[in-house]
1. Lys and Arg at +1, Asp and Glu at -1: add these up for the other residues within a Cβ distance under 14 Å of Trp48 and post the number.
2. So if R0 is 22 Å, what FRET efficiency would Met278 and Ala185 give, r being the distance between their Cβ atoms, rounded to the nearest 0.05?
3. Once amide H atoms are built 1.01 Å from N in the peptide plane, which residues 5 or more positions from Arg92, or in another chain, come under 5 Å H to H?
4. At a Förster distance of 41 Å, what's the computed FRET efficiency of Gln197 paired with Lys106, Cβ-Cβ distance as r, to 0.05?
5. Okay, which of segment 271-285 sit inside 18 Å, backbone N to the point 7 Å along the Cα-Cβ direction of Glu240?
6. For Leu158, what accessible surface area do you get with a 1.4 Å probe? Give it in Å², rounded to 10.
7. To the nearest 10 degrees, how steeply does helix 51-60 sit against the main Cα axis of the chain, on a 0 to 90 scale?
8. Between the helical axis of 2-23 and the dominant principal axis of the chain, each derived from Cα atoms, what acute angle in degrees is found, rounded to the nearest 10?
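The values are calculated or read from the model by the stated rules, or taken from the named source; none is laboratory data. Computed from a predicted model, the values in this text were never measured in an experiment. Here the Cβ positions follow ideal geometry from the backbone for every residue, glycine too, while neighbour counts run over all protein chains shown. These area figures cover heavy atoms from the full protein model, side chains too; ligands, DNA and RNA do not enter into them. Shrake-Rupley method; radii C 1.70, N 1.55, O 1.52, S 1.80 Å.
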Amino acid sequence: MKKLTTLALLLFVVLVGCDEKKSKGQRIVPSSSGNINELLVVADNLLWEDSVGESIRGILAAPVHGLSQDEPLFSISQMPTQVFSGFTTKNRTILKIEKGKAAGTKIAHDVFAKPQTVIVVSGQTDAEIIEQLETNADKIVDAFKKEEIKEKQRRINLSLFDSKPIEDKLGVSIKFPSVYRIATATDDFFWIRKDIQTGNMDLMIYEVPLDRIRKGDSAVIDIVRMRDSIGEKHIQGRLENTYMITEKAYAPYIFETIIDNKPTIETKGIWEVKNDFMSGPFINYAIEDEINKRYIVVEGYVFAPSINKRDYIFELESIIRSTKIK
């Protein structure tokens, strides 16, 4: 009898909670699902197999910049509209194609589940849909990527390393998983490492004066020179007189972005070990700290021969984008 009373009380509390949410206008949605960087495209088979599908793949499965081998931005699965229901609507990132409607591109959040980003692209004809896709390509990629970074950071936050030593020395907070370790710590340089099955994933955090990196076309030259000097000083190779440098055969990609509401130079490219046969992708972020007249540089790089590296680099990017300057 006591168990029945307890069960009834719990049921009452749940129902009251649901009623309160309804009365406040809060919609109850289930949790979303899906692996990081896996995207669901909802489109009729004829569209997917023709030029609309080609346009989608050209945008969302384009090669990731700065990797040593071609890997797509997103791993895409497709399903026809008529079977898009039930569990399939819970995917965290969804692109829905609607033919026969007015041309448009709409971005919505938490439509069928939470967290979730759903983008609906419509048009009366294939040509109108393709025009919408190509015109809004950057916006579509950015919306999906932000959702995935947010989810990756949520997972990282479940078990965090105590980064107080970094904050004490550099005045910088950064959130990375407890599976990482600090391999080197000085007053102005930190080397943080994570072992993986086929190699390692590493982070470097350091500061340089603002005049170390010039703006404009010279920025990439200064960044390469800067990271090569850091590699020679701090990242030694397996053999004597070997150290990390920037791969000279591949020009790095350079972009402007924002981290911690501060202008940031983002550089992606390939690193190698001078006089040895080791290499892999890197991402380097120089965050402008105008108040302290410096750049905070946070770089992530991966050594994982013969396997895909997209998701490793994505984890490092998600960590780096948590950086805050105190």
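1. Summing Lys and Arg as +1 and Asp and Glu as -1 gives -3.
2. Efficiency, from the Cβ-Cβ distance: 0.40.
3. Those lying under 5 Å, H to H, from Arg92 are Ser33.
4. 0.50
5. Within reach of a label on Glu240: 274-277.
6. 130
7. Roughly 50 degrees between the two axes.
8. Roughly 80 degrees, rounded to the nearest 10.
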